[in-house]
Amino acid sequence: MGRARANSPRPIVLSVGGSLFLTGEDDAAYLRRLAELLRGIGSRQPLAVVVGGGGAAREYIELGRELGLTEVELDELGIEVTRLHARLLAALLGPPTPAHPPSTVSAAVHELGRASPVVLGGTEPGHTTDGVGALIAVRTRAARFVNATRVGALYDRDPESDPKARPVPRLTWPEFREIVQRDSGSSAGQRFVFDRLGAELLARARIPLAIVDGRNLGALSAALRGARFPGTRVD
Ligand code: UTP
């Protein structure tokens, strides 16, 4: 599926933060409801779901860094954890979702022409799963990109340390790019608002980005359908 076909709906790309997977709070019930939502949306429109590594990836990366592994080796550890999460979600979704998550962007785009949802994790060192999702979105001329996180929006200040932080409902691409540039680095396991490569690719292709609380399935469903949702919209 190199380009959107004339009569088929344009794909949707969802990146799911790994931090949504293992919170210790009703994870199994949440994942079952998430799978149900994704099955429903994916049956109507091609849906690619890219899953992150969350805290587990960061713990392995920290351990590896203490042991002297190179940045590329650390990225590869992170990729393995994202793939573990992708396998879990793919197995839960069942057919037609491929049980073995594609390991490259082109394999994912190819699968999306035959099955939906398609679930995958990371691909290669140097970016995050947001970047993988953006590459798929650009290749497939996606209608929108949804980024499901635990934080649920972009804030004007750090919401973890500042109680006065307020969510920003809407941003232009130049404003968002500036925040991403200021915020991001390139070492393995770093936490930032959004992947720099991903922001550049989506901005250039003018694909709208929605940042939403992934645990709020009503909000996530609205964002995936292109309806109004609580969170941040970049377009
Ligand atoms: P994530 O995509 O989970 O990064 O990849 P993140 O920003 O921590 O996202 P959340 O917290 O899940 O939302 C984890 C790490 O795996 C490596 C990077 O080191 C990244 O920081 N990785 C991931 C890659 O090198 N390439 C990929 O394609 C994906």
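Tabulated data for the structure shown
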item	result
Taking only Cα atoms of the range 26-119, radius of gyration then Dmax in Å	14.9, 47
Whole-Å semi-axes of the chain's equivalent ellipsoid (Cα gyration tensor)	24, 22, 18
Sorted by Cβ density within 10 Å, fewest first, the residues 128, 70	70, 128
Selection from 61, 11, 99 lying farthest towards where the dipole of the chain points positive, charges on Cβ	11
Charge dipole magnitude, Cβ of K and R +1, D and E -1 - the chain, Cα centre, debye nearest 20	1420
Proxy reagent accessibility, fewest Cβ within 10 Å first, across 12, 61	61, 12
The range 148-217-the range 1-78 distance, computed between alpha-carbon centres (Å)	16
Highest-first arrangement of 73-81, 41-49, where packing means the average Cβ count within 10 Å	41-49, 73-81
Residues 111, 178, 66 arranged by fewest to most Cβ contacts within 10 Å	66, 178, 111
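Each reported figure results from applying straightforward, stated rules to the coordinates on display, with no laboratory input. Here the structure is a predicted model, which is why all the values come from computation and not from measurement. Note that each Cβ is placed from the backbone with ideal geometry, even for glycine, and that neighbours are counted across all protein chains shown.
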